[in-house]
Amino acid sequence: MKGRRLTLLIVFLLSLFSGYAIKKISPEQKVDESLYLKEVSPDTEFLKKEDTYYPSREGIIAFNTYDVMPSIRGYAGPIKVLVSLSPEGKIYGIKLLEHKETPNYVHSMETPEFLGQFLGKDINDPFEEDKDIMGISRATVSVSALLSAVRKSSRAIASSVMGIEVIEEVKPKGTNIKWIIYLVLFLLSLGSYFITRLSNRLLRLRDLSLILSIVVIGIYLSSPFSILHVFNLLLLRTSTDTLWYAIVISSLFSILIAGRFYCGWLCPFGAISEFIGRLPLRKWEIPPKIDDRWRNTKYLLLWLIIVSVFVTGRPEFGNYETYVTLFSFHGNILTWSLVGISLLLSLRVKRLWCRYLCPVSALTGVLSRKDKGYISTKDCPMANKPNPLISECIRCNRCYRLD
């Protein structure tokens, strides 16, 4: 375990240093918004940029929303949009320039069909999701950030530059309760975890937690804890969404006190895999030595994606997680194939994805503290051998023994 932790630290530091050195030698090229001015207003002759906007002889103004409202962020950072306004204060053209959101969730946000909804809208229109702008399922935070960026920056430019009267924005009423729902489920599951350590007679509580994880975290919130959360945190690409912080802080906290608790109690993909594995089909007998080697695969994959992400500064290079594809309802043929194969083989190999491939499993396993109470039994959902490495234990508490 110490060796894996040391390897993780060395790989992370070397990757971070390499990424920093590469950026110094060859800095990342920022998007040149001036190259796209013709896309947002083809027949306009724009003049030299003045502060935050491009004026024109025709009276059309173009601007990058990030220059006007840099504090507005999506799920993983700012969303930069090039907008042009007509002299009457209507959106004349729009172009999504740059974002750091997970592609699986926001692919529809980049389409002409979605962006076309903005054209012709007055700066005093509400720009509210599912009211005057059709939203995107499972990308609420990102869409909300884009709408807010366009709405607020357009009104700021219209008021300060174009002299157009702007109706004072009324803050929408209501509270985002998604993070509250998530924390309630987390605390109930954590409480059940500690209760079942005292007596495994109440292990049905874990089954209830797994079912709720599928329904709430997977289907309703569509926000399973992902290695992308960790990468964005380490790259300082934090979100303004409270749910993002609730997921990251609670998951990291659970690792400190209960190791792979998230894997065993709250991961919706792990829950589906385990329920599939409980179907009465004979499991394949995998020799212990081969099983151990295959389990090391997830650590190797983690090291590889750490290198690719921190050298390039692009978290999406680590985006191969099955739960991201499944619960975003979007992926390519390779990622969907990985989902299908992982679930299908779980009929014969207990929690195949968790045992051999999952980067979150690898990370939480490396960071787990020793606990001699977990001795493993024949009905272990991870098919762990007796007295397993704590890095392979998902804390289901079936085998836990008090000293």
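The values are calculated or read from the model by the stated rules, or taken from the named source; none is laboratory data. This is a predicted model, so every value here is computed, not measured. Cβ atoms come from the backbone with ideal geometry, glycine included; neighbour counts cover every protein chain shown. Please note that ligands, DNA and RNA were not included when accessible areas were found on the heavy atoms of the full protein model with its side chains. Shrake-Rupley method; radii C 1.70, N 1.55, O 1.52, S 1.80 Å.
Of note:
- Computed on the Cα atoms alone, the convex hull of the chain gives a volume of 147 cubic angstrom per residue.
- From the Kirkwood radius over Cα pairs of region 1-151, Stokes-Einstein at 10 °C and 1.306 mPa s returns a whole-number translational diffusion coefficient of 91 µm²/s.
- Flagged links, alpha-carbon separation over 20 Å, of K100/K131; K131/K152; K38/K90: K100/K131
- Probe 1.4 Å, all protein chains present, accessible-area order of D371, D379, largest first: D379, D371
- For region 270-403: accessible area per residue (Å², 1.4 Å): 49
- At the residue level, K95 shows approximately 50 square angstrom of accessible surface with a 1.4 angstrom probe and all protein chains present.
- As a rough guide to protection, the peptides 255-263, 359-367, 179-187 ranked by mean Cβ packing within 10 Å, highest first, stand as 359-367, 255-263, 179-187.
- Principal semi-axes in Å for region 101-164 [√(5λ), Cα gyration tensor, largest first]: 23, 12, 10
- Accessible surface of the chain [probe 1.4 Å, protein heavy atoms]: carbon and sulfur percent: 63
- Solvent-accessible area of W294 with every protein chain in place, 1.4 Å probe, in Å² to the nearest 10: 120
- Close amide H partners of E128, meaning residues 5 or more places away or on another chain with modelled amide H under 5 Å apart, are I133.
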